[in-house]
Amino acid sequence: MESGGLDKRTLTLLGALPGVVILVNAKGVVLQASDEATTLRLVRRGIITSVEVADTAAKCVASKRTSATEVSLVRPSKRRGNLDLRVRAIYLPGGYAALLLDDLTEENRLTAIRRDFVANVGHELKTPVGAISLLAEALEAASDDPESVQHFANRMKLEAERLASLINDVIDLSRLQGEDPLSDPETIDLNVVLESAIDTISSAAHAKRITIVTSCEGDHFIEGDADQVSTALINLLNNAVAYSEPNTRVAVAVRVSDEMINVDVKDQGIGIPEAELSRIFERFYRVDSARSRVTGGTGLGLAIVRNVCSNHGGDIFVWSVEGEGSTFTMSLPRIVAARPDADSAEAGLVDATPREVDRGT
Ligand code: ADP
């Protein structure tokens, strides 16, 4: 290859740089290209395939100045979507340009998610804040009437609670998006986490005379962050209770299947229309906003569950029929952990459920 105008040290340096590196001459001929440049099919038969990238190199050589731009290319592989690249063209004396390309795709994707999230949060916060401000005005106007004062004060309290749970869910979700529970995981006894999640939800279930039944045979250990898993289970149980009529039953079953532990939360509630099933895990998506408002829902519960599952290398599934009920299944990779009382397990003294915890009466 013709690169006689460049000394060996420059060529060695360019060859040692990480990422996508391309060296071109004044005629646009590629003299050196890193493996990544070839993998991305940016270089073929000695020329740059992208017009924008080639133009950036040509401008750099013509002006003898470093230039930078951002380009979006169609991915060469079967993976869908575009590839966003930052292109820096550095002029090298003798009429050469060294192109250094950084992949911005992931960074841009996260920026877009954050931007949408902030816009949605702003929109969602406006509703309770607007309501509180109107109620404060009403309260002021009704100051002579103790009954109305009581009424407006109660409604203000409800809106403030709604605001608080929205803020909590937003904090939960943004924390989840930045954390990797598998980088420094703890061993989690799922049975213990589940028991405490059921305890948390028991007073809401009791108020609606909903019975929670558990079936959880043997030991179930996973790796990750116990607080996150607990939040996800509470969200599923909360929904099961919130979207069910009084005097019904919520069944929680823990099953082992190959490498995974599946936790089913099954209710006899209102169910979810088939057309909505693919959308319920989106942030702020509610099937029936009016109902969600009554139940105090934020529209973030299932988005949190989905994030927790994927952060733990698992998944969330839903089965539902309108008017019959729903089953949400959290599927998480299981680990085999040593039990402190391994002897009793060998002796067959494991807790053989199903056991019924009647928390409704
Ligand atoms: P919300 O805070 O509104 O409950 P979620 O993200 O937890 O938000 O759920 C999204 C929507 O999915 C809910 O608004 C509700 O319409 C529906 N949904 C969730 N769980 C159930 C369930 N167990 N039964 C019926 N509908 C449900």
Mind checking which residues of region 204-228 are among the hydrophobic types (A, V, I, L, M, F, W, C), within 19 Å of Gly314 (Cα to Cα) and open to solvent by 20 Å² or more (accessible area, probe 1.4 Å)? Phe221, Ala226
Wholly enclosed strands (runs of 3 or more DSSP E) of region 190-266 bearing at least 2 residues among the hydroxyl-bearing types (Ser, Thr, Tyr): 211-216
Return the residues of region 243-259 that are out of contact with any His (no Cβ under 7 Å at 6 or more places or on another chain), within 30 Å of Val336 (Cα to Cα) and surrounded by 18 or more Cβ atoms within 10 Å (Cβ to Cβ); say none if nothing qualifies. Val250, Ala251, Val252, Ala253
Among (1) open to solvent by 30 Å² or more (accessible area, probe 1.4 Å); (2) in a helix (DSSP H, G or I); (3) out of contact with any strand residue (DSSP E or B) (no Cβ under 8 Å at 6 or more places or on another chain); (4) not polar (S, T, N, Q), which single condition is Lys59 missing? (3)
Tabulated pairs, region 315-334, first in a loop (DSSP other than H, G, I, E, B), second more than 11 Å from the ligand (Cβ to nearest atom), C-beta under 9 angstrom, 6+ apart or interchain: Glu322/Glu274
Considering only residues that are under 15 Å from Leu236 (Cα atoms), more than 7 Å from the ligand (Cβ to nearest atom) and not aliphatic (A, V, I, L, M), which ones fall in region 255-280? Asn262, Asp264, Lys266, Gln268
For Val250: the one exception among (1) within 24 Å of the chain's Cα centre (by Cα); (2) in contact (Cβ under 8 Å) with a residue 40 or more places away in the chain: (1)
Matching residues, region 260-285, being among the charged types (D, E, K, R) and either farther than 30 Å from Ile113 by Cα or crowded, with 19+ Cβ neighbours inside 10 Å (or both): Lys266, Asp267, Arg283
Over region 183-203, the set of residues of a type outside the set (S, T, N, Q), over 15 Å from Val336 (Cβ atoms) and open to solvent by less than 40 Å² (accessible area, probe 1.4 Å) is Val193, Leu194, Ala197, Ile198, Ile201
Name the pairs: first residue in region 164-177 and under 17 Å from Tyr285 (Cβ atoms), second residue open to solvent by less than 30 Å² (accessible area, probe 1.4 Å) and hydroxyl-bearing (Ser, Thr, Tyr), Cβ to Cβ under 6 Å, at least 6 apart or on different chains? Ser165/Thr298; Leu166/Thr298; Asp169/Thr298
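The values are calculated or read from the model by the stated rules, or taken from the named source; none is laboratory data. Model, not experiment: these values are computed from the prediction. Here Cβ is always computed from backbone atoms with ideal geometry, including for glycine, and neighbour counts include all displayed protein chains. Side chains included, ligands, DNA and RNA excluded: accessible areas come from the protein's heavy atoms. Shrake-Rupley method; radii C 1.70, N 1.55, O 1.52, S 1.80 Å.
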